[in-house]
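The values are calculated or read from the model by the stated rules, or taken from the named source; none is laboratory data. Just so you know, these numbers come straight off a predicted model, no measurement behind them. A quick note on method: Cβ atoms are made from the backbone with ideal geometry, for glycine too, and the neighbour counts reach across all protein chains shown. SASA here: full protein model, heavy atoms, side chains in, ligands and nucleic acids out. Shrake-Rupley method; radii C 1.70, N 1.55, O 1.52, S 1.80 Å.
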Amino acid sequence: MSETVQDKVDFLVVANRLPVDRKVDDDGNVSWKSSPGGLVTALEPVMQRKGGAWIGWHGAPDEVVAPFHHDGYDIHPVPLSAQEVEEYYEGFANATLWPLYHDCIVEPVFHREWWDAYQKVNKRFAEQAAEQASTGATVWVQDYQLNLVPKYLREMRPDLRIGFFLHIPFPPIELYSRLPWREELVEGLLGADLVGFQTPGAAANFQRLAKHRPGVTAARGRARTPDGRTVVIHDFPISIDSRGFHELATSEKVQAEAAKLREDLGNPETIIFGVDRLDYTKGLHQRIRAVGELFKEGKLDPHEVVFLQLATPSRERVEEYRILRDDINLLVGQINSKVGTIANRAVVYRNESVPREVLAAMYQVADLMLVTPVRDGMNLVAKEYIACRSNDDSALVLSEFAGAARELKQAYMVNPYDIDGMKATIMKALAESPKVKARKMRSMRRQVFDKTIDVWANSFLEELGVA
Ligand code: ADP
Ligand code: F6P
């Protein structure tokens with residue numbers, strides 16, 4: 001494969017984020033770090049196998065960065081000004097659409113200037129894709145930050161095959177209808193040939209909206225647009241590179257890291273683990289409260305049990321994320337000041353991102369995994385845990401509001417809003433017989449190893465007619 005950036009390519013991914021984030025320290029030194037979030041975890045192995053180009057923002061404002069070759073594919077950084085980061089990314093994408101699409105857990109904010117910035121930036125992404133795509137190329141647009149790209153791109157390049165995949169939930173019409181620009185966003189997505197969602201429910205919500213557009217008919221997963229095109233609407237539950245995660249987790253290096261980690265945590269009998277972006281959709285508050293109460297009530301003994309919670313800082317300039325960060329710090333402090341000792345902290349909370357090997361070691365030592373979002377498109381952490389465990393004596397507690405709950409049916413399901421229910425389920429999972437735990441793990445392992453990220457990508461691209 002060529003190491004130089006190609007002029008035009010047959011396959012492009014367009015996503016707000018690139019797989020790597022550019023960081024510049026106070027002395028002006030530049031480094032690249034792996035980007036946060038499930039989209040990058042899922043798409044990186046697809047691009048490594050397929051090649052082509054990835055178009056996205058490199059994570060720093062006011063910088064133009066030249067295209068470069070990375071891990072077998074080309075990277076085309078799209079520049080954003082500081083004002084665009086504020087209005088398009090932090091504003092419209094993450095303070096308007098993100099809460100709206102996640103059941104309005106927090107109140108979505110509507111600003112007309114943010115909408116203007118969203119249109120302008122979506123146009124820039126579309127122009128960049130149009131520039132890089134060869135005749136008849138496939139362009140795969142990702143996620144809620146780029147809802148308008150399919151329509152803009154089709155106007156610029158009618159020869160392209162255009163797919164769109166939404167990584168997060170798609171809300172019911174009753175919530176979606178609050179959006180002042182609801183028509184424009186639906187039109188944006190209808191520019192694609194195929195619009196994919198995580199679940200059948202999300203696909204049905206979109207189909208119902210599409211049907212309300214003038215001149216559009218939509219039924220049984222197909223919409224006919226006024227210009228005579230057919231847009232397929234379907235669910236494609238996303239996954240991970242299961243084998244890659246498993247091989248990493250069982251490697252000697254990670255096993256050694258896991259042994260050291262267990263020791264650093266004081267060799268407890270039981271390790272409970274959670275790992276998320278620090279996001280209000282992840283149900284961190286409810287989860288930490290539930291475990292904290294179990295410690296306070298003496299049902300969990302801090303000499304025997306440690307709860308390790310990792311939370312990657314995320315979208316830190318958006319107000320709701322700042323409030324959450326302070327809230328969680330306070331809650332963890334309150335729990336640890338009442339239970340445990342200096343040597344035996346009940347809750348070990350780390351507000352940081354860790355390299356993949358360290359994360360795999362954490363999955364290796366986790367006897368019980370807590371994945372309790374109040375709403376989540378899929379949640380890849382749940383699948384990573386299953387893929388990384390080589391020990392059958394393990395248990396996954398999973399929110400029924402995560403897309404993953406449709407597939408990992410053998411998990412211990414919880415409603416994260418029901419703190420008492422969650423506490424009871426955690427205790428049940430901890431007390432379960434090894435035989436039942438092993439049966440559940442085997443069944444979930446089959447699911448995660450059968451339905452891998454390759455299966456996801458191939459089924460989407462086949463439906464798009466390009467695999
Ligand atoms: P989202 O896309 O909303 O962030 P997912 O659970 O689907 O949620 O994906 C999160 C991804 O980010 C997973 O691949 C997970 O391993 C990774 N991740 C989350 N928190 C951390 C962390 N603290 N350190 C390293 N990786 C993390
Ligand atoms: O998977 C959902 C998602 O919002 C991705 O689109 C995004 O890249 C990731 O989470 C992390 O969020 P951000 O890019 O805002 O840091």
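Assorted remarks:
- Karplus-based coupling profile of segment 265-279, in residue order and whole Hz: 7, x, 6, x, 5, 10, 10, 9, 9, x, 8, 8, 5, 6, 9, with θ = phi - 60° in 6.51 cos²θ - 1.76 cosθ + 1.60 and x standing for Gly or Pro.
- Over 27 Å between alpha carbons, listed pairs Lys33/Lys151; Lys151/Lys211; Lys253/Lys296; Lys409/Lys435: Lys33/Lys151; Lys253/Lys296
- A Cβ-based charge dipole, computed about the Cα centre of segment 43-180 with Lys and Arg at +1 and Asp and Glu at -1, lands at about 600 debye.
- Dipole size of segment 268-397 about its Cα centre, with +1 on Lys/Arg Cβ and -1 on Asp/Glu Cβ: approximately 340 debye, rounded to the nearest 20.
- For segment 298-309, the Karplus equation 6.51 cos²θ - 1.76 cosθ + 1.60, evaluated at θ = phi - 60°, returns couplings of x, 6, 10, 9, x, 7, 10, 10, 10, 9, 9, 10 Hz by residue, with Gly and Pro reported as x.
- Under Karplus coefficients 6.51, -1.76 and 1.60, residue-wise ³J(HN,Hα) of segment 66-79 in Hz, glycine/proline x: 5, x, 8, 9, 8, 6, x, 8, 8, 10, 10, x, 9, x
- Sequence-distant residues sharing a close amide H with Gly72 (under 5 Å, placed H): none
- Of the two radii for segment 356-467, the radius of gyration is 1.01 times the Kirkwood radius, both from the alpha carbons; that is the Rg over Rh value.
- Per-residue [θ]222 nm for the chain (sum of -39500 (n - 2.57) over DSSP H runs n ≥ 4, rounded to 500): -12000 deg cm²/dmol
- Residues with amide H under 5 Å from that of His167, placed H, sequence gap 5 or more: Asp143, Tyr144
- Relative contact order (%) - criterion: Cα under 8 Å, at least six apart; region: the chain: 13
- Residue (of Gln145, Leu359, Gly244) at the positive-pole extreme of the chain, dipole from beta-carbon charges: Gly244
- Euclidean distance between Cα centres, segment 1-38 to segment 406-424, Å: 37
- In a reduced charge model with +1 at each Lys and Arg Cβ and -1 at each Asp and Glu Cβ, the chain shows a dipole moment near 1560 debye about its Cα centre.
- Whole-Å distance, taken between Cα centres, linking segment 302-377 and segment 134-181: 34
- Residues whose placed amide H lies under 5 Å from that of Asp235, excluding near-sequence neighbours: Phe197
- Sorted peptide list for 31-37, 421-427, 431-437, 379-385, criterion being average Cβ within 10 angstrom, highest first: 379-385, 421-427, 31-37, 431-437
- For segment 329-403, diffusion coefficient by Stokes-Einstein and Kirkwood Rh (Cα), 25 °C, 0.890 mPa s, µm²/s: 173
- Intensity falloff of segment 67-156 expressed as log10 I(q)/I(0), Debye formula with alpha-carbon point scatterers, at q = 0.10 Å⁻¹: -0.30
- Of the accessible area of segment 324-388, computed with a 1.4 Å probe over protein heavy atoms only, carbon and sulfur atoms account for 48 percent.
- Binning the C-alpha pair distances of segment 242-450 at 5 Å intervals from 0 yields a P(r) profile of 1, 8, 16, 20, 22, 18, 10, 4, 1, 0 %, listed from the shortest bin outward.
- Ordering 321-330, 79-88, 15-24 by mean Cβ neighbour count within 10 Å, with the highest value first, yields 15-24, 79-88, 321-330.
- When the alpha-carbon atoms of the chain are used, the pair Rg, Dmax equals 22.3, 69 angstrom.
- Once the Cα-Cα distance is subtracted from the 0.36 nm per residue extended length, the Ser31 to Arg356 segment shows a gain of 115.3 nm.
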